[in-house]
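The values are calculated or read from the model by the stated rules, or taken from the named source; none is laboratory data. Since this is a predicted model, take the numbers as computed values, not measurements. Cβ coordinates were reconstructed from backbone atoms using ideal geometry, including for glycine residues, and neighbour counts include every protein chain displayed. With ligands, DNA and RNA removed, areas are computed over all heavy atoms of the protein, side chains included. Shrake-Rupley method; radii C 1.70, N 1.55, O 1.52, S 1.80 Å.
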Amino acid sequence: MSQQQISLPAKLINGGIAGIVGVTCVFPIDLAKTRLQNQRRGQQVYKSMMDCLVKTVRSEGYFGMYRGAAVNLTLVTPEKAIKLAANDFFRHHLAKDGKGLTVFKEMLAGCGAGTCQVIVTTPMEMLKIQLQDAGRLAAQQQKPVMMTPTKLVATNAVLSRSFNSGMVISAPRAVSATQIAKELLQTHGIQGLYKGLGATLMRDVPFSIVYFPLFANLNRLGKPSPEESSPFYWAFLSGCAAGSTAAVAVNPCDVVKTRLQSLNKGASEETYSGVVDCVSKIMQKEGPSAFLKGAGCRALVIAPLFGIVQVMYFVGVGEYILDNSPLRFLGP
């Protein structure tokens, strides 16, 4: 990221546009990632990313691939703004006398940015995962499964209203993010929306520690001279490479976070009391390879998303809008 200061309104616009475009393009892959990560051994509904997308379209229609997208589109602007603005803020204050940052200080700035963003990321991911995983649970229930009354009581109230004791053959009733959020707030308070906060921190802080320094150094290689910016295509490729690398590196944490934040479980699927319990049970029942579930999908989601973000910063859409509209008084 450049050391040049950019106004917060411009960051909001750049992050918002990049997030909306990126999420719209890659959300179906993100949905496949969530469903693949939540599958247990012996209960696989989907064989691969493409198999998941094809079955989703067949059973839920084209827009079934965008379950939970509204939550992301609503919250992606503040999430991206916080992440990018915090990174710039920490980089600016860690730099001394205009000198370049060491890799350690770049990692420290990324750590601060990742910590700040979970304020928005955790509730967003919490709601998105419930909506994304509903189709997998519905597909799994197409095969009759006997459930005991105890198991039924343990099932999440919002997503289990269509279940009756005994034979389960119908899909659960569709719910919205608003319904889920309301139910969580009523039953668990604000902390209900922050279930999996520890796992989200475990994922997002290391991601930012890897991503921001890697992007800065890759992008620096494309500069014709220290005073000039790298070409836009180089910024895009650097964002893609850094994003996919960081995504794969922290995928085990993403698997744990996804499992912890999935309120509704399929038949015979275990529950977890926390991060350590989740890691232990996955290792015992599914082996180390389970922590790489959805890694390819996640890389395909993150790469273009962060490539687009860097292009938005390169082009300066936010700055252009502020300079050529009545909103220019919001600038620095």
Study note, to complete from the structure: Output for Cβ contacts, cut-off 6 Å, separation at least six or different chains, first residue charged (D, E, K, R) in the stretch 282-308, second in a helix (DSSP H, G or I), reads Lys293/Leu36; Lys293/Gln37; Lys293/Val255; Arg298/Lys33; Arg298/Ala247; Arg298/Asn251
Practice item. Filter the stretch 32-73 for residues that are free of Cβ contacts under 8 Å to residues at least 12 places away in the same chain and in a helix (DSSP H, G or I) and give the result. Key: Met50, Asp51, Val54, Val57, Arg58, Tyr62, Phe63
Review point. Among the residues of the stretch 58-109, which ones are under 20 Å from the mean Cα position of the chain (by Cα), among the β-branched types (Val, Ile, Thr) and over 21 Å from Leu31 (Cα atoms)?
Key: Ile82
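Condition first: under 21 Å from Gly243 (Cβ atoms), open to solvent by 50 Å² or more (accessible area, probe 1.4 Å) and part of a helix (DSSP H, G or I). Can you find one or more residues in the stretch 122-142 that meet it?
no
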Review point. Can you find a residue in the stretch 251-271 that is over 23 Å from Leu300 (Cβ atoms), within 20 Å of the chain's Cα centre (by Cα) and open to solvent by less than 10 Å² (accessible area, probe 1.4 Å)?
Key: yes
Practice item. Look through the stretch 215-250, keep the residues that are touching a residue at least 60 places away in the same chain (Cβ under 8 Å) and open to solvent by 70 Å² or more (accessible area, probe 1.4 Å), and return whichever of them is farthest from Leu292 (Cα to Cα). Key: Ser229
**Study point:** Candidate set: the stretch 240-279, residues that are among the charged types (D, E, K, R) and outside any helix (DSSP H, G or I); chosen: the one farthest from Ile29 (Cα to Cα)
**Key:** Glu270
Check your understanding: When only residues in the stretch 13-44 that are open to solvent by 30 Å² or more (accessible area, probe 1.4 Å) and of a type in the set (A, V, I, L, M) count, which is nearest to the chain's Cα centre (by Cα)?
Key -> Ile29
Review point. Ala113: modelled with pLDDT under 90 and open to solvent by less than 10 Å² (accessible area, probe 1.4 Å), yes or no?
Key: no
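Tell me which residues, restricted to the stretch 280-289, are surrounded by fewer than 19 Cβ atoms within 10 Å (Cβ to Cβ) and in a helix (DSSP H, G or I).
Looking only at the stretch 280-289, we keep the residues that are surrounded by fewer than 19 Cβ atoms within 10 Å (Cβ to Cβ), and these are 280-281, 283-289.
If the condition is that a residue be surrounded by fewer than 19 Cβ atoms within 10 Å (Cβ to Cβ) and in a helix (DSSP H, G or I), then Ser280, Lys281, Met283, Gln284, Lys285, Glu286, Pro288, Ser289 are the ones that fit.
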